[in-house]
Amino acid sequence: MPYTQLNNLDFAEIKIALKEYMRAQSDFTDYDFEGSALSQLLDVLAYNTYYTAFNANMVVNEMFLDSATLRDNVVALAKQLGYTPKSTTSPKAIVNFSVTYKNINSAPAATILKAGNAFVTNYDGTLYRFVLAEDRRAEVLNGVATFENVEIYEGSLINVSFTVNQSLKNQRFIIKNPGIDTTTLKVLVYESSTSTVYEEYTSANSILNISLDDKIYFINEGEDESYELFFGDGILGKNLSDGQIINISYIVTNGPDTNGAKTFTFNGRIVDENQSLIVVPFTIGVVSTVAKATGGAEIETISKIKFNAPKFFGSQNRAVTVDDYAAIVRNLYPAVSDIIVFGGEDQEPPAYGKVFISVKPKEAASLSSLTKNELANELKKYSVASVKPEFIDPSILYIELASDIYYDKKKTNLLQSQVAAKVAGAIQEYLETSETEKFNGKFRYSKFIGVIDNSDRAINSNITEITLRKDFYAQINSSSYYEICYQNSFLEDCDNPVVSSTGMVVFEHPTYTSYLEDRNGKIVLYRLDSVTGEKVLLNDFIGDIDYAKGEIKMYNFTILKGSFSDNRIELRVKPANKDIEVKREVYLNVDISQSTFVAYKE
């Protein structure tokens, strides 16, 4: 039998290979394959071969984490590494408010907010619910019940119950609600349907140090993004008994949609210490926000599972290397845009015995103090020896573009503003796929120039300047020392200042709006003349500027008011080089909203 070499799995090529094979047989030497019924049979054979080859290829691909494409298979392969993908995560906010009773004598002894009680917020034109995951109790003092640091989560609180039936083989406890936040799971086990006594079971991440009486459960993602709970077998964890009732409560959420929400209104019910609905007259005080909603995230994507699972497996539930810390933090806090970890020996000045962690959340500039404390406490469970993890805020270095774009009006019907908008869109698309906006990010000037030129065929050229910006927050009414580091050298121009700032009000000159700039290697303070607009020097020495290191220092500087409502002050400089690189905790961000794109016809 003649041998036919297999070159590819294309249908047409398979059919051609079959024809060549049959033509090589003496019985079919002069046969017309195109005009006969045998052509239809060859089609069937080719299709069968094609589908069989495709199926074999898919099966092999789905057996490996790197090549698998179906989520269920990726999750199953990650499970073999001991990794459970993160579920959708609900944004969490912290609020304070009070309940005031109009008649002190008729007020209850205590006021209780039941789990599931709702707060509402209007965010981006849409109404959302925030609920309590657990009951909160406040004693009534002088007719007022004060609730402080109440944690509320976006979504709805769901309760579901299962009855343990050991006569069923392989009984499964599956949660089928999409959008579940598994971090809010609360599992209570009652002895029977009539019992009021329960035991609370907690989630276990590993089998280490688990005894036969520990009240634990394991959770795995199953088919179609559902979740299944597993309980102990009497060896690893306490075994369940026939007839027990498993009550599970959890929050179903919209994920990151409400990250940043900070205005809430109470829209629930309150009960007294006897769990009875309160009917005596009362008023609900204004809900004040301690921490705005943060931490919301979509369910972990396939690409992130492929990235995180091997790293989490490599950490082996202990934090030794910087990669271990990064993998564990990503697992504890999924709403991470980027993270960097470095040892204290790399800090300036060195801080031995510490590891520094800087997290850039997806929807904020930095983590809240509460979140950083929570993560630091969780990391203590994984840290070894005497290394102390310390969270530091990202230092965001903004790059602002000022681009003049020249295009041939004969090659396009777009208006000048439309050409400029198209360029801005092309830059934004490039940022989403490049490695620019991140820790250890690199801004390559020539790449961005090329993106601008290639965004439309009518564009002939562009002249683009870049400015570096850092925002610092004023310590109001306090004589303070400020050090702003850009990690990139400044342009040194003897004739023109390279530093500029937004306006501020300072202690020495409270009646003027003052500004900062550099003159002869010093940082000076000036104001603008109300008539001529000329600069009037107010103080010829506020601080120093180091052009080579890219540092600005200001000494004993007292600011009464910053540029914006949060007392933020923007400080801009001209860099010496157009290629920008950052390291350690500095996060690079190309600020399109503060950039300018102007198109000119040629």
**Fill in**
Output for Cβ contacts, cut-off 9 Å, separation at least six or different chains, first residue in the same structural domain as LEU538 (by TED's automatic domain parsing) and charged (D, E, K, R) in region 495-510, second outside any loop (DSSP other than H, G, I, E, B) and surrounded by 13 or more Cβ atoms within 10 Å (Cβ to Cβ), reads GLU508/SER514; GLU508/LEU525; GLU508/LEU538; GLU508/ASN539; GLU508/THR558
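Tell me, which strands (runs of 3 or more DSSP E) lie completely within region 82-157 with 1 or more residues that are modelled with pLDDT under 90 and not assigned by TED's automatic domain parsing to the domain that holds ASP181? Write out each step before concluding.
Values: elements: 92-101, 110-113, 118-123, 126-131, 136-141, 144-154.
The strands (runs of 3 or more DSSP E) meeting that bar are 118-123.
Out of LEU141, LEU113, which single residue is closer than 22 Å to PHE282 by Cβ and buried (at least 18 other Cβ atoms within 10 Å of the Cβ)?
Numbers: LEU141 fails: buried (at least 18 other Cβ atoms within 10 Å of the Cβ).
One residue alone meets the criteria, LEU113.
State the number of residues belonging to region 320-367 that are assigned to a strand (DSSP E or B) and not aromatic (Phe, Trp, Tyr). Break it down stepwise before answering.
As a first pass, look at region 320-367 and keep what is assigned to a strand (DSSP E or B): 336-343, 354-361.
Now narrow it down to the ones that are not aromatic (Phe, Trp, Tyr): 336-341, 343, 354-355, 357-361.
Total meeting the criteria: 14.
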**Request:** Name the single residue, out of those in region 122-135 being surrounded by fewer than 18 Cβ atoms within 10 Å (Cβ to Cβ) and more than 21 Å from the chain's Cα centre (by Cα), that is farthest from THR258 (Cα to Cα).
**Result:** ASP135
**Asked** How many residues, within region 164-203, are farther than 29 Å from TYR128 by Cβ and either aliphatic (A, V, I, L, M) or surrounded by 13 or more Cβ atoms within 10 Å (Cβ to Cβ) (or both)?
**Response** 9
**Prompt:** Inside region 144-163, can you point out the residues that are surrounded by fewer than 14 Cβ atoms within 10 Å (Cβ to Cβ) and among the small types (Gly, Ala, Ser)?
**Reply:** SER161
**Prompt:** What are the pairs, 6+ residues apart or on separate chains, where a residue within region 369-388 that is under 23 Å from GLU345 (Cα atoms) has its Cβ under 6 Å from a residue that is among the charged types (D, E, K, R)?
**Reply:** TYR382/ARG318; VAL384/ARG318; LYS388/LYS354
**Asked** Mind checking which pairs have a first residue in region 528-545 that is more than 30 Å from CYS485 (Cβ to Cβ) and assigned by TED's automatic domain parsing to the domain that holds VAL505 and a second that is surrounded by 12 or more Cβ atoms within 10 Å (Cβ to Cβ) and modelled with pLDDT of 90 or more, Cβ under 7 Å, 6 or more apart or different chains?
**Response** ASP529/VAL536
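Only residues that are surrounded by fewer than 19 Cβ atoms within 10 Å (Cβ to Cβ) and not in a strand (DSSP E or B): list them for region 532-562, please. Explain how you work it out, then say what you get.
Let us first name the residues in region 532-562 that are surrounded by fewer than 19 Cβ atoms within 10 Å (Cβ to Cβ), namely 532-541, 544, 546-549, 551, 553, 555-556, 558, 560-561.
Passing the criteria: THR532, GLY533, GLU534, TYR547, ALA548, LYS549.
Looking for whichever is crowded, with 19+ Cβ neighbours inside 10 Å, touching a residue at least 12 places away in the same chain (Cβ under 8 Å) and on the phi > 0 side of the Ramachandran plot here; the options are GLY234, GLY255, GLY243. Which one fits? Walk me through how you get there before you give the answer.
Numbers: GLY234 fails: crowded, with 19+ Cβ neighbours inside 10 Å; GLY243 fails: crowded, with 19+ Cβ neighbours inside 10 Å.
When all the criteria are applied, what remains is GLY255.
Quick one: is SER167 in a strand (DSSP E or B), within 29 Å of GLU191 (Cβ to Cβ) and small (Gly, Ala, Ser)? Please lay out each step first, then the result.
Working: in a strand (DSSP E or B): no; within 29 Å of GLU191 (Cβ to Cβ): yes; small (Gly, Ala, Ser): yes.
Answer is no for this residue.
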**Asked** Does at least one position in region 28-36 carry a residue that is surrounded by fewer than 17 Cβ atoms within 10 Å (Cβ to Cβ), modelled with pLDDT of 75 or more and part of a helix (DSSP H, G or I)?
**Response** no
**Request:** Could you check ALA133 against (1) more than 21 Å from LEU370 (Cα to Cα); (2) in contact (Cβ under 8 Å) with a residue 24 or more places away in the chain; (3) of a type in the set (Gly, Ala, Ser) and say which number it fails?
**Result:** (1)
**Request:** Give the residues of region 204-217 that are at pLDDT below 90 and surrounded by 15 or more Cβ atoms within 10 Å (Cβ to Cβ), sorted by residue number.
**Result:** ALA204, ILE210
**Residue pairs meeting the criteria (Cβ under 8 Å; at least 6 apart or on separate chains; first without any contact (Cβ under 8 Å) to a residue 24 or more places away in the chain, in region 418-439; second surrounded by fewer than 17 Cβ atoms within 10 Å (Cβ to Cβ) and assigned to a strand (DSSP E or B))** = GLU435/LYS442
**Asked** Quick one: in region 391-434, which of the residues that are aliphatic (A, V, I, L, M) and part of a strand (DSSP E or B) is nearest to SER337 (Cα to Cα)?
**Response** ILE396
**Request:** State all residues of region 468-503 that are among the polar types (S, T, N, Q) and either over 28 Å from the mean Cα position of the chain (by Cα) or closer than 14 Å to ASN567 by Cα (or both); if no residue qualifies, say none.
**Result:** GLN475, ASN477, SER478, SER479, SER480, SER489, ASN496, SER500, SER501, THR502
**Prompt:** Can you pull out the residues in region 406-453 that are in contact with a strand residue (DSSP E or B) (Cβ under 7 Å, 6 or more places away or on another chain) and either over 28 Å from TYR587 (Cβ atoms) or not assigned by TED's automatic domain parsing to the domain that holds ASP591 (or both)?
**Reply:** TYR406, TYR407, ASP408, LYS409, GLN416, VAL419
**Request:** Within region 292-319, track down each residue that is charged (D, E, K, R), within 30 Å of VAL95 (Cβ to Cβ) and not in a strand (DSSP E or B).
**Result:** GLU298, GLU300
**Request:** Restricting attention to region 444-471, report how many residues are surrounded by 15 or more Cβ atoms within 10 Å (Cβ to Cβ) and either modelled with pLDDT under 90 or of a type in the set (A, V, I, L, M) (or both).
**Result:** 7
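The values are calculated or read from the model by the stated rules, or taken from the named source; none is laboratory data. Owing to the predicted nature of the structure, the values given are computational and were not obtained by experimental measurement. Cβ sites come from the backbone with ideal geometry, for glycine too, and all protein chains shown count toward neighbours.
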